[in-house]
Amino acid sequence: MNRSNIYQIELYHPLTADLCSCDYYTSPQRLYGKDLVPYHKEIYAAVRDEAKIGHQVINLIDSCKDLDLVDKVIYAEPSVKKIKDELVGVTTILTKGQLEPTALNRLCEYLATEYADGWGSVMEQHNISTEDGCLTLHYWNNQNKCSFRVNEMQSQPKNKSTSRKKEVYER
């Protein structure tokens, strides 16, 4: 496959977490993206560890039943990133060619489900220890709605890349 036909897409979405004492005797405090910045190292390490099986990074697209997406998406890897003054979830996607808006929307819907009921649910089962207490990280919000901001970068010959912003997709 020609390298110029490989696209990298970064999907950004909001994160929330519950912070409580590790002994669970206090009510949890809900934290949002800006509140999570002081804990970004601990959260990044926990997500990185949960996104691996042994030494292999998981590919969220492996459990996708949409054969059209499976054919177009090479991999989808969860992580977190500090952008300006907010910690956000980021899913790095590699695709074979550019995704049409309908395929990108289906991919966002699939990932929203994966973060609510699949990988994200597993992530919630692992508390993240901080000096302030334990965090339970949520890749979805309490309205069960995930929105994704898309930053698409096309690989081109000689390792040059162009970047362009796309619209927000919501599930």
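The values are calculated or read from the model by the stated rules, or taken from the named source; none is laboratory data. Keep in mind that what you see is a predicted model, and the values were worked out from it rather than measured. Neighbour counts run over all protein chains shown; Cβ positions are idealised from the backbone, glycine included. Protein only, heavy atoms only, side chains kept; ligands, DNA and RNA dropped before computing areas. Shrake-Rupley method; radii C 1.70, N 1.55, O 1.52, S 1.80 Å.
Checked against (1) out of contact with any Pro (no Cβ under 8 Å at 6 or more places or on another chain); (2) within 26 Å of residue 134 (Cα to Cα); (3) surrounded by 14 or more Cβ atoms within 10 Å (Cβ to Cβ), residue 10 meets all criteria but (2). Filter the stretch 38-57 down to the residues that are of a type outside the set (Gly, Ala, Ser) and open to solvent by less than 30 Å² (accessible area, probe 1.4 Å), then identify the one that is nearest to residue 111 (Cα to Cα). Only one residue fits best here, namely 47. Of the set (1) more than 25 Å from residue 5 (Cβ to Cβ); (2) in contact with a helix residue (DSSP H, G or I) (Cβ under 6 Å, 6 or more places away or on another chain); (3) open to solvent by 60 Å² or more (accessible area, probe 1.4 Å), all apply to residue 81 but (2). Only one entry of 17, 112, 103, 116 meets the criterion of being over 12 Å from the mean Cα position of the chain (by Cα) and either within 22 Å of residue 138 (Cβ to Cβ) or in a strand (DSSP E or B) (or both), and that entry is 17.
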